[in-house]
Amino acid sequence: MKARELRAFCLEFNAAVEEFPFGPEASVFKVAGKMFALSVLDGQPLTVNLKCDPDIAVRLREEHPTAIVPGWHMNKRHWNTVTVEELPDAMMRELIEDSYDLVVAGLPKAERLRLDR
């Protein structure tokens, strides 16, 4: 997955937006004002911070020790930093979708219902 594909996929989700609260180089993808992905899209290597269930995060880090590490500058229990080029595109899409879904699940019921429309 290349940077433009990562960006496009993150923006496919319902109500997803891209913002730049940390400066023009860091793309923050949000839903209902909550971040689900963070990436410096012109970074080498291309990495993305993604939210993850804590138990799954530990397993993923063990299975992919060079590609998935505790989230850089994030709550390391809930966030992973993923080196995009080291994983298959299908797995990257799944990790991004899981991050989005976790954030949506944490929203108030009224927000979740609004997103389902």
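Miscellaneous remarks
- Projected label distance in nm at residue 5 and residue 113, using a 7 Å step from Cα toward the beta-carbon: 3.9 nm
- For the stretch 3-83: relative contact order, % (alpha-carbon pairs under 8 angstrom, 6 or more apart): 20 percent
- Tensor-based shape of the stretch 39-90 (alpha-carbon gyration tensor, a/c under 1.5 rounded, otherwise prolate or oblate): oblate
- Gyration tensor (alpha-carbon) shape descriptor, the stretch 73-117, a/c threshold 1.5: oblate
- With Rh defined as the Kirkwood radius, the inverse of the mean 1/r over Cα pairs, the Rg/Rh of the chain is 0.95.
- Here the sum of -39500 (n - 2.57) over DSSP H runs of 4 or more residues, divided by the residues of the chain, equals -11000 deg cm²/dmol at 222 nm, to the nearest 500.
Readers should treat all values here as calculations from the given coordinates under stated rules, not as data from a laboratory. From a predicted model like this one, the values you see are computed outputs, not experimental measurements. Backbone-built Cβ (ideal geometry, glycine too); neighbour counts: all protein chains shown.
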